[in-house]
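Heads up, the thing below is written out as structure tokens.
Derivation of every value follows stated rules applied to the coordinates shown; laboratory data play no part. This structure is a prediction, so every number in the text was calculated from the model and none was measured. Here the Cβ positions follow ideal geometry from the backbone for every residue, glycine too, while neighbour counts run over all protein chains shown.
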Amino acid sequence: MSEQTLVMPAPPLPRRAAPSFEAWSLRCVFGVLAALALVFLVAPTLVILLTSFTATESLRFPPEGFSLRWYAALLDADQMQAAAWNSLVVALWTTVLCVLLGTPAAIAIARSKSPWVRACDVLFMSPLLLPALAFGFAALIFIHRLGLRPDLPLLVLGHVIVCTPFVLRTTIAALTQLEPSLLDASRSLGASEWTTFRRVTLPLIARGIGAGAFLAFMASFDNVPVSLFLADERTEVLPIHLWQQIENNLDVRTAAASGLIVLLTLTLMVIAERTAGLTRQMR
Amino acid sequence: MAAPRAPLTLPLTALFAAGFVAPLCVLLMLSLAAGDDGSAGLTLAQYARFLGDRFNLSVLGSTLLLGAEATLVCLLFGFPVAWVCARAGARWQSVLIFLVVLPILTSVVVRTFSWIVILGRQGLLNQILLGLGLIDAPLKLLYSEAGVVLVLAQVQMPLMVLPILTVLSRLDPNLADASRALGAGEWRTLWRVTLPLVMPGIIAGCILSFAASITAFVTQTLIGGARLLYLPLFIYQQAVGANDWPFAAAVSVVFMIAVLLVVVLLNGFGRRYEKHV
Amino acid sequence: MNERFLMTRRELLMAGGALALGALLPAGRARAEAGKLVAATYPGTWSEAHRNVLKPAFQKRVDAGVTQSIILGTDQVARLAAAKGQTPPFDVAIFDPPQVLDAVRQGLIAEYPAAQSPHYAELLPVYQDRWGPKVSMQVIGLAYNPERIRTPPKRWDDLWDPQYRGRVGMTALNSQLGLAFLAELNRLRGGSSSDFEPAFRALRELLPALGAVAANLGAFATLWQQEQIDIAPYNFNFVQTLKAKGVPVEFVVPETGAVAWHTSLHVVAGTTVPELAVQYIDTHLDPLVQAAMMQPPYDVIPTNGKVALAGAVTQSVAKTQDALAALRGVDWAVLTEQRSALIERFNREIRV
């Protein structure tokens with residue numbers, strides 16, 4: 001696809017002198033629906049952030065008082081810290097493996113039309129569609145059949161399966177926007193396949209890979225359905241720990257942990273936006 | 001093509017063969033196994049047990065229905081968001097996409113947690129509605145299907161907005177202009193020109209948000225409570241609570257087939273539509 | 001040009017990062033396995049008392065890491081059964097009587113080595129058990145929100161009072177609270193251990209009044225706090241803990257009496273750290289620990305004879321250990337046999 005899919009310039013108000021009632025009504029309805037949707041999308045994040053600063057022991061909105069006591073309490077929450085650490089290690093490994101395995105596959109999928117590669121494409125995308133919980137359970141049975149027990153490396157492999165589609169999608173999108181003439185030029189100048197890849201292709205698709213890696217990292221860090229079966233009490237990960245706390249306890253520390261996660265996510269998103277142009281890669 | 005590309009897929013294919021296809025095959029075998037280790041041959045008994053029971057079928061039905069409802073709400077709100085997004089300038093577009101993507105990147109547990117605070121009987125939403133005089137008594141949102149649909153729609157909205165936006169922003173604006181020039185009104189143009197052209201994006205969005213909604217274990221259990229039983233919790237209960245792996249495996253297989261059927265159906269609908277256009 | 005250099009540097013960084021990560025993972029695993037105890041705990045009061053009192057006391061005695069995981073009793077049995085023959089997922093189990101029966105039958109817990117546990121002998125005789133010491137007693141009654149229900153309820157029957165329509169809470173039968181309430185209801189409505197129809201009929205009548213059925217016991221805490229429910233059967237301890245957090249909730253013993261049972265700790269069969277497990281359990285029997293747990297916001301009923309009964313227990317449940325022993329129990333052996341059938345029936349009949 002050579003035509004640049006630039007942002008479509010906003011169509012100026014209809015050329016007719018006064019916008020018709022119809023045009024106006026369409027804009028109004030869509031504008032209101034979109035505004036509602038945006039409030040709906042952002043409100044929960046704001047609510048949890050505000051609630052986490054409550055001074056009381058109960059989770060009510062609006063929160064009473066303002067304090068950082070629950071954030072301070074996180075410093076003592078060694079079990080939550082251990083779970084967060086596990087999640088971080090798993091997510092980092094998952095991201096590295098997703099990128100290492102996903103990038104070559106994306107190149108093949110973007111460049112080749114062979115039926116084998118088409119079939120692979122469908123296979124690699126299927127974890128996005130099939131119920132992840134069923135896959136998590138299947139993986140647990142499989143591991144038991146092999147005579148193993150779930151541990152962190154196996155959990156990483158499970159996460160790689162469900163997180164790879166993110167890297168594939170963004171990388172393929174970046175590859176399809178690549179000018180083939182650039183690659184031809186490089187080859188005609190005598191550069192080898194590998195050199196062309198390293199010097200031309202990779203720098204050009206790096207932002208796509210970066211965005212995919214970011215999404216894979218977040219997806220792994222946040223994964224519940226696979227971890228539910230492949231992580232146990234000895235390898236507790238953060239989302240499962242938080243889920244347990246929320247379901248079982250009235251613990252405002254959970255709100256503070258949530259607030260922290262929200263803040264970190266926002267920071268990471270801004271970084272991803274600055275370095276990899278996240279929102280452009282996701283279109 | 002200077003070099004064959006297919007071998008580049010091999011490492012990932014190997015991982016998927018060992019880590020994805022093989023477990024699913026084992027799952028299938030277990031669901032068909034007669035006797036504890038499957039030595040006694042194959043049987044459909046577990047499937048008969050699931051499909052022959054109205055209660056179980058109603059769980060399957062309500063799960064698919066839940067997915068459909070959440071998808072529709074996603075579409076109702078997601079399409080306008082994508083529409084506004086496509087018309088916004090580059091800077092605003094980035095901001096909007098940022099806001100749309102924000103929820104899907106915030107931990108699902110955290111997001112659901114926040115909804116508990118919002119949806120409770122004395123929660124934020126009821127306070128607002130009561131304050132505005134729109135209702136007389138607090139609505140029951142937490143532990144209700146409406147609540148689950150609402151939260152799922154919020155959680156999965158990005159999956160609907162992004163594919164639609166992709167198609168919308170590649171659309172040739174001349175087509176809509178031509179339609180208007182021919183005297184068709186805005187709504188008519190939207191309905192007869194834009195919507196059909198965006199259909200592939202809508203179908204993709206529907207498939208993604210449907211698939212994500214029906215398997216959203218955390219949201220379903222935390223917002224739905226015990227009386228609203230959906231397949232993911234059902235499978236979890238059978239597998240972990242009751243330790244009945246063969247039955248849980250059969251339910252998982254039925255679940256996957258049901259999802260695949262819906263995906264294929266939607267896909268087929270999209271194909272027919274494309275031909276039609 | 002510049003960008004290309006950046007990229008190669010970034011590649012280098014990534015390779016370096018991957019190497020650093022390679023060093024991280026084994027460290028993480030080693031940390032998880034050396035001298036570390038994993039103990040199951042119950043939601044609410046229990047997990048908080050165990051985290052805030054038991055864990056520090058244990059770590060004062062022994063230099064070891066402790067992970068406390070909240071798992072309901074029935075789920076613990078299922079998890080242990082699934083991992084049988086391998087390293088169990090946790091080393092110390094916390095059970096109510098029905099799980100003890102199940103676990104002993106399936107060989108999931110080891111006999112308690114009383115000789116290695118100095119505080120075991122201090123327990124009152126009713127709390128001693130070869131499979132593991134009883135560490136407390138759970139008492140259930142009626143909980144209500146005093147801000148919204150001015151006159152305290154008196155009997156279980158008050159749950160059916162039309163004025164509480166839409167505000168009654170229930171918990172699913174995967175907890176002992178749900179099961180014990182069902183059994184008590186059945187007894188009061190004239191059912192028998194072979195006929196639970198009276199209880200289910202009563203529950204069906206209660207359906208329109210239900211504001212929520214919690215998926216598990218712990219979720220109840222959230223329901224009270226969000227004021228989703230105003231009246232429900234509940235555990236004495238959970239009410240005390242919520243109250244201490246400023247949630248408006250009170251506990252009353254119904255006219256027909258409270259229902260009570262023992263809760264015990266057990267060494268899991270096949271654990272790799274049996275000594276740590278015994279030390280942990282013994283810490284829970286320590287009179288100092290039990291006295292601390294009897295303070296608000298836990299109000300855990302002590303089982304060590306050296307701890308005199310005091311506090312909220314004596315005000316709303318029983319004045320003496322003898323009076324506690326006289327509380328109505330539950331015939332768990334009979335209930336356990338039918339539990340899965342009852343749960344299935346409950347799931348089918350008590351739906352929306």
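Roughly how crowded by other chains is peptide B:53-61, in terms of the mean Cβ count from those chains within 10 Å of each of its Cβ atoms?
That average works out to 1.
For C:Ile281, A:Ile240, which order do you get if you count the other beta carbons within 10 Å of each Cβ and list the fewest first?
A:Ile240, C:Ile281
Take every residue in peptide B:219-230, count the Cβ atoms of other chains within 10 Å of its Cβ, and give the average of those counts.
Per-residue shielding by partner chains comes out at 5.
Connecting C-alpha atoms closer than 10 Å in a GNM of chain B, tell me which of B:Leu159, B:Leu150, B:Leu24 has the biggest fluctuation.
B:Leu24
For segment B:50-276, restrict the atom set to alpha-carbon positions and state the Rg and Dmax in Å.
20.1, 66
Would you tell me the mean number of C-beta atoms belonging to other protein chains that fall within 10 Å of each C-beta in B:22-30, as a whole number?
Mean number of neighbouring Cβ atoms from other chains: 6.
Rank B:Ala242, B:Ile214, B:Ile164 by how far each Cα sits towards the positive end of the charge dipole of segment B:163-274 (+1 on Lys, Arg Cβ; -1 on Asp, Glu Cβ) and give me just the farthest.
Of the options given, the answer is B:Ile164.
Stick to Cα atoms and the Kirkwood definition of Rh, then tell me Rg/Rh for segment A:78-249.
Ratio of gyration radius to Kirkwood radius for segment A:78-249: 1.07.
Measuring from a point 7 Å past the Cα of B:Arg271 along Cα-to-C-beta, which residues in segment A:108-126 have an amide N at less than 18 Å?
From segment A:108-126, the list is A:115-116, A:118-123, A:126.
Measure off 7 Å from each Cα along the Cα-to-Cβ vector at C:Val104 and B:Leu57, then give the distance between these two points in nanometres to one decimal.
4.4
Let's test the formula: R0 of 51 Å, r as the Cβ-Cβ distance of C:Arg155 and B:Leu195. What FRET efficiency results, to the nearest 0.05?
0.25
Between C:Lys84 and C:Arg130, what length in nm is gained on full extension when 0.36 nm per residue of separation is reduced by their alpha carbon distance?
Extra length from C:Lys84 to C:Arg130 when fully extended: 14.4 nm.
Cα centroids of segment B:191-251 and segment A:216-283: how far apart, whole angstrom?
Computed from Cα coordinates, the inter-centre distance equals 20 Å.
Once Lys and Arg get +1 and Asp and Glu get -1 on their Cβ, which of A:Thr254, A:Phe221, A:Leu278 lies farthest toward the positive end of the dipole of segment A:220-283?
The Cα lying farthest towards the positive end belongs to A:Leu278.
Need one number: nm distance between label points at A:Arg145 and B:Leu76, each 7 Å from Cα along Cα→Cβ, rounded to one decimal.
4.4
How much of the calculated P(r) for chain C lies past 25 Å, in percent of all Cα pairs?
Of all Cα-Cα pairs in chain C, 57 percent lie more than 25 Å apart.
Hey, what's the per residue convex hull volume over the C-alpha atoms of the protein assembly as shown, in cubic angstrom?
So the per-residue Cα hull volume is 182 Å³.
About the Cα centre of chain A, what is the dipole size in debye to 20, counting +1 per Lys and Arg Cβ and -1 per Asp and Glu Cβ, all else neutral?
1080
What FRET efficiency comes out for the pair B:Leu130/B:Leu65, r = Cβ-Cβ distance, R0 = 30 Å, nearest 0.05?
E(calc), rounded to 0.05, equals 0.50.
Beyond a 23 Å Cα-Cα separation, which of these cross-linked pairs lie in this structure: C:Lys55/C:Lys306; C:Lys60/C:Lys245; C:Lys134/C:Lys306; C:Lys243/C:Lys319?
Exceeds cut-off: C:Lys60/C:Lys245.
With viscosity set to 0.692 mPa s and temperature to 37 °C, compute the Stokes-Einstein D of segment C:199-304, Rh being the Kirkwood radius across alpha carbon pairs; µm²/s, no decimals.
This corresponds to a translational diffusion coefficient of 196 µm²/s.
For a quick check: sort C:Phe220, B:Phe79, A:Phe66, B:Phe234 by the number of other beta carbons within 10 angstrom, fewest at the front.
Going from sparsest to densest Cβ surroundings: A:Phe66, B:Phe234, B:Phe79, C:Phe220.
Projected onto the charge dipole of chain C (+1 at Lys/Arg Cβ, -1 at Asp/Glu Cβ, origin at the Cα centre), which of C:Val249, C:His284, C:Leu335 gives the Cα projection farthest towards the positive end?
C:Val249
Taking the Cα centre of the protein assembly as shown as the origin, how large is its charge dipole in debye, to the nearest 20, when only Lys and Arg (+1) and Asp and Glu (-1) carry charge on their Cβ atoms?
Charge dipole of the protein assembly as shown: 2640 debye, to the nearest 20.
Taking chain C as the reference, fit the longest principal axis to its C-alpha atoms, fit the long axis of helix C:197-206 to the helix C-alpha atoms, and give the angle between the two in degrees, 0 to 90, nearest 10.
80
How large is Rg over Rh for segment C:41-123, taking Rg from the Cα atoms and Rh as the Kirkwood inverse mean of 1/r across Cα pairs?
Looking at segment C:41-123, the ratio lands at 0.97.
With the crude spin-label approximation of a point 7 Å out along Cα→Cβ, what separation in nm comes out for A:Arg199 versus B:Ala18?
Simple spin-label model gives 3.6 nm for this pair.
So if R0 is 30 Å, what FRET efficiency would C:Arg189 and A:Leu36 give, r being the distance between their Cβ atoms, rounded to the nearest 0.05?
0.05
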